[in-house]
1. Kindly provide the set of residues from the range 132-155 that are outside any loop (DSSP other than H, G, I, E, B) and either modelled with pLDDT under 85 or surrounded by 14 or more Cβ atoms within 10 Å (Cβ to Cβ) (or both), ordered by number.
2. Among the candidates ASP87, ASP24, single out the residue that is in a helix (DSSP H, G or I) and without any contact (Cβ under 8 Å) to a residue 40 or more places away in the chain.
3. If you check ARG118 against the conditions, is it basic (Lys, Arg) and touching a Leu at 6+ places or on another chain (Cβ under 7 Å)?
4. Could you say whether any residue in the range 85-106 is surrounded by fewer than 16 Cβ atoms within 10 Å (Cβ to Cβ), modelled with pLDDT of 80 or more, closer than 27 Å to GLY220 by Cβ and of a type in the set (Lys, Arg)?
5. Name every residue in the range 164-197 that is closer than 14 Å to PHE152 by Cβ, acidic (Asp, Glu) and in contact (Cβ under 8 Å) with a residue 60 or more places away in the chain, in order of residue number.
6. Just to be sure I understand, how many residues within the range 54-82 are surrounded by 23 or more Cβ atoms within 10 Å (Cβ to Cβ) and part of a strand (DSSP E or B)?
7. In the range 157-176, what count of residues is obtained for those that are surrounded by 15 or more Cβ atoms within 10 Å (Cβ to Cβ) and farther than 26 Å from VAL113 by Cβ?
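The values are calculated or read from the model by the stated rules, or taken from the named source; none is laboratory data. Since the structure is predicted, the reported quantities are computational estimates derived from the model, not experimental observations. Here the Cβ is made from the backbone with ideal geometry for all residues, glycine too, and neighbour counts use every protein chain on show.
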Amino acid sequence: MNIQIVEDDRSLSEGISISLGDADRQFHQEYSLKDARAGFDRYGEALSLIILDLNLPDGIGYDYLKYVRKSSEVPVLILTANDLELDEVTGLTMGADDYLTKPFSLAVLRARVNALIRRSQIAGRARGASDEKEGAGGKTGVYQIDDMQFDFDRLSFQKGEEELFLSVNEQKLLKIFLDHKGMILTRDTLIERLWGDSGDYVEENALSVTVNRLRSKIEGKGQSKHILTVYGQGYRFQ
């Protein structure tokens, strides 16, 4: 398992790698945007997770996030000293899967990292099992709604002729909605389903951002047609 740490504070980077250290984990420590991009070009396909600082000596981590999202949906956890809600919303909107503000507890970091990796592995195993079923003559996990097709077997999401790029959390949220179409899902239920054991450490605003980001991708601007907010309760997909 390969994890890229993009953090210009070398002592913190080393501390993170030690805290997350595991016999099965290899860490690639980069200290600038330039090195991060070069590293991603070399080994990006093998990455299981990116831990990304926003304040780097040669630019802003958002630029690297955009660079990664052009070709990959590898989970990205943002680390930053910026504690403004706007910074969190910006990171999540641009495709980050989680956000942690400095200073932070290493125990919380481990919980967040393990949750992201666990969700990614579960998605990978489900994809592999689906491929086996399809090879045997069956096909599951494909949903057709209006001009949209969501193929969770191949992780292919289309709206008309446009390909939709969904983050790990967006994919998981969409699947939950589709599997419970017409039902009201409370915020607590969705937070638990998305973040699992680390849900206690997740800002409630992260769910709103994830829902709105998914909604904008599948519905665009204007009145919501499918993902409805049920005020005081949660959300319903119709």
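1. Taking the range 132-155 as the starting set, the residues that turn out to be outside any loop (DSSP other than H, G, I, E, B) are 132-135, 142-145, 148-151.
Passing the criteria: GLU132, LYS133, GLU134, GLY135, VAL142, TYR143, ILE145, MET148, GLN149, PHE150, ASP151.
2. Working: ASP24 fails: in a helix (DSSP H, G or I).
The match here is ASP87.
3. Values: basic (Lys, Arg): yes; touching a Leu at 6+ places or on another chain (Cβ under 7 Å): no.
Considered against the rule, which asks whether it is basic (Lys, Arg) and touching a Leu at 6+ places or on another chain (Cβ under 7 Å), ARG118 comes out as no.
4. no
5. Once the filter is applied, which keeps residues that are closer than 14 Å to PHE152 by Cβ, acidic (Asp, Glu) and in contact (Cβ under 8 Å) with a residue 60 or more places away in the chain, the range 164-197 yields nothing.
6. Final tally of qualifying residues: 3.
7. 2
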